[in-house]
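Chemist: Structure in structure tokens, see below.
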Amino acid sequence: RLMMEVHPEMVFPHTKIFAGTSDPFVTLSLDRHVEAGHAPHKTRSIKKTLNPVWEEEFTFLVRNPQQDQIWVQVWDYDRFSKNDSLGEKAISVSTLLTTPALEQWFSLDNTTKGEIHLRYVTHCSGK
């Protein structure tokens, strides 16, 4: 078994879409389709920023490092309507394990521009 701690932060460059500010938060799950009964991890929303740093830690129990992915979705919190997607990224656990760095920047998909920075630590268990 492999335990993985993930610490997100992100940067959005000033673009037409992000002419003002945002109230971003992130959801993280071990796969795009969260298993029934298991909610994705969620950061708190940080108000009026395009450069949030969450200083939060999330732990995943990785059962199959060759197939599992960490699914990161970035949202703009809206109090009175549906939250807006700001981008997403599927990151292969095997890629994280084979990279010597313990932190990386990832470009977000399904957005004009934006990156998320992940710091991560892995712990192996014999169980």
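The values are calculated or read from the model by the stated rules, or taken from the named source; none is laboratory data. As the structure is a computational prediction, the values presented were derived from the model and not from experiment. Every residue, glycine as well, gets a Cβ built from its backbone with ideal geometry; the counts of neighbours run over all protein chains shown. With ligands, DNA and RNA removed, areas are computed over all heavy atoms of the protein, side chains included. Shrake-Rupley method; radii C 1.70, N 1.55, O 1.52, S 1.80 Å.
Chemist: Among residues belonging to the range 54-81 that are open to solvent by less than 50 Å² (accessible area, probe 1.4 Å), at pLDDT below 85 and part of a strand (DSSP E or B), point out the one that is nearest to Glu115 (Cα to Cα).
Modeler: Among them, the one singled out is Phe58.
Chemist: Still on this structure, I have one more. Mind listing whichever residues of the range 74-100 are of a type in the set (S, T, N, Q) and farther than 24 Å from Val62 by Cα?
Modeler: Within the range 74-100, Ser81, Asn83, Ser85 meet the criteria.
Chemist: Tell me which of these Asn51 doesn't satisfy, since it passes every other one: (1) at pLDDT 90 or above; (2) surrounded by fewer than 15 Cβ atoms within 10 Å (Cβ to Cβ).
Modeler: Among (1) at pLDDT 90 or above; (2) surrounded by fewer than 15 Cβ atoms within 10 Å (Cβ to Cβ), Asn51 violates only (1).
Chemist: Please state which of the following conditions Thr111 fails to meet, knowing it meets all the rest: (1) in contact with a strand residue (DSSP E or B) (Cβ under 7 Å, 6 or more places away or on another chain); (2) assigned to a loop (DSSP other than H, G, I, E, B); (3) surrounded by fewer than 16 Cβ atoms within 10 Å (Cβ to Cβ).
Modeler: Of everything listed in (1) in contact with a strand residue (DSSP E or B) (Cβ under 7 Å, 6 or more places away or on another chain); (2) assigned to a loop (DSSP other than H, G, I, E, B); (3) surrounded by fewer than 16 Cβ atoms within 10 Å (Cβ to Cβ), Thr111 misses just condition (3).
Chemist: Same structure, new question: Considering only the range 82-103, how many residues are at pLDDT 85 or above and not in a loop (DSSP other than H, G, I, E, B)?
Modeler: Total satisfying the criteria: 11.
Chemist: Could I ask something else about it? With the condition kept exactly as written, say whether any residue in the range 25-39 is on the phi > 0 side of the Ramachandran plot, outside any helix (DSSP H, G or I), touching a Gly at 6+ places or on another chain (Cβ under 8 Å) and open to solvent by 20 Å² or more (accessible area, probe 1.4 Å).
Modeler: Checked against the condition, which is being on the phi > 0 side of the Ramachandran plot, outside any helix (DSSP H, G or I), touching a Gly at 6+ places or on another chain (Cβ under 8 Å) and open to solvent by 20 Å² or more (accessible area, probe 1.4 Å), the range 25-39 yields no hits at all.
Chemist: Continuing with this model, one more query. Does Ser85 meet the test of being farther than 17 Å from Lys42 by Cα and open to solvent by 30 Å² or more (accessible area, probe 1.4 Å)?
Modeler: no
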